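J.: Please read through the structure below; I'll follow up with questions.
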Amino acid sequence: MTRWRGLAMAALVTGCSSLPITRIYVLGDPPAPAIGVRSEAGLVVIVLRTVSVPDYLDTTDILRRSGPNEVIPSPTGRWGERLSLGLTDALASALSGRLPQLVITTIPAAEPTRRLFVDVDRADIGIDGSCLVAARWRVTGIDGKTMAASSHGTFGETAASSDDSAVASAMTKVIGRLAEQVAATIEAGGR
């Protein structure tokens, strides 16, 4: 009996070791190392509120649309944080690179000049690696109500392959396109 139990345990361990390794992915490009001190005195401060996404997407699962009413999680990859937080961090970083004369922060500043709200209506990843994000954004006064500017758009990119790494890269490009349009809205009147 002990011998069979040992063989069963060995088979179980061997079977489990063949499972794919789950990899963790983050959105956005790694920030360039900036050594030194930069004064923010007198600069316009825009606080980016947490990007809102549909509840079913706000998970660490990389969800792929497999049909009109079905999404399935990737068996080999996960986001490093909930999608709403990953989108927020990546968008803030992309906006900071495009608007260096402003302070874009996700941490509520003591005296922000403006607030930026981004609502993602759709964030679809297809089985083939196609990525689509539809979003609305608005820049408001510090009270969060007085409208300074608003717009919306849909952005897409097809990943080089259907693996999770290529999808994360494609989603980063989509966020970059969103950031370009949000930056244009801010420059056109949302300051």
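A short reminder: the numbers here are calculations on the coordinates, not readings from a lab. The shown structure was predicted, so the numbers you read here are calculated from the model rather than taken from an experiment. Heads up, the Cβs are rebuilt from the backbone with ideal geometry, glycines too, and the neighbour counts pull from every protein chain shown.
J.: What ranking of Asp128, Asp119 emerges when the number of other C-beta atoms within 10 Å of each C-beta is taken as an exposure proxy, fewest first?
T.: Asp128, Asp119
J.: Another question, if that's okay. Kirkwood hydrodynamic radius, computed over distinct alpha-carbon pairs, for segment 17-110: how many Å, to one decimal?
T.: This gives a value of 15.7 Å.
J.: Assigning unit charges at the beta carbon (Lys, Arg +1; Asp, Glu -1) and nothing else, what dipole magnitude in debye, to the nearest 20, does the chain show about its Cα centre? Walk me through the numbers before you get to the answer.
T.: Values: 19 positive and 19 negative charges, 49 e Å.
Dipole about the Cα centre, nearest 20: 240 debye.
J.: A further question on this structure: Please build a GNM for the chain, connecting alpha carbons under 10 Å apart, and tell me which residue among Arg38, Arg115, Arg65 fluctuates the most.
T.: Residue with maximal mean-square fluctuation among Arg38, Arg115, Arg65: Arg38.
J.: Could you check which residue among Gly176, Gly67, Gly86 shows the biggest mean-square fluctuation in a GNM of the chain with a 10 Å Cα cutoff?
T.: Of the options given, Gly67 has the highest mean-square fluctuation.
J.: At q = 0.10, 0.11, 0.13 Å⁻¹, what is the log10 ratio I(q)/I(0) for the chain, with the Debye formula run over Cα points and no solvent?
T.: One equal scatterer on each Cα of the chain leads to -0.48, -0.56, -0.72.
J.: So what is the relative contact order of the chain, in percent, for Cα pairs below 8 Å that sit 6 or more residues apart?
T.: Once normalised by length, the contact order is 23 percent.
J.: Among Ser84, Ser169, Ser74, flag the residue with its Cα farthest along the positive direction of the charge dipole of segment 41-190, charges on Cβ as +1 for Lys/Arg and -1 for Asp/Glu.
T.: In segment 41-190, that residue is Ser84.
J.: A further question on this structure: Cut-off is 10 Å between beta-carbons; in what order do Lys173, Lys145 appear when sorted fewest neighbours first?
T.: So the ranking, lowest neighbour count to highest, is Lys145, Lys173.
J.: Continuing with the same structure: When a footprinting reagent is the concern and you count Cβ atoms within 10 Å, what order do Val120, Val103 take, fewest first? Let's see the in-between values first.
T.: Values: Val120 21, Val103 17.
Final ranking by Cβ density, sparse to dense: Val103, Val120.
J.: Roughly how many whole Å is it from the C-alpha centroid of segment 32-86 to that of segment 92-107?
T.: 15 Å
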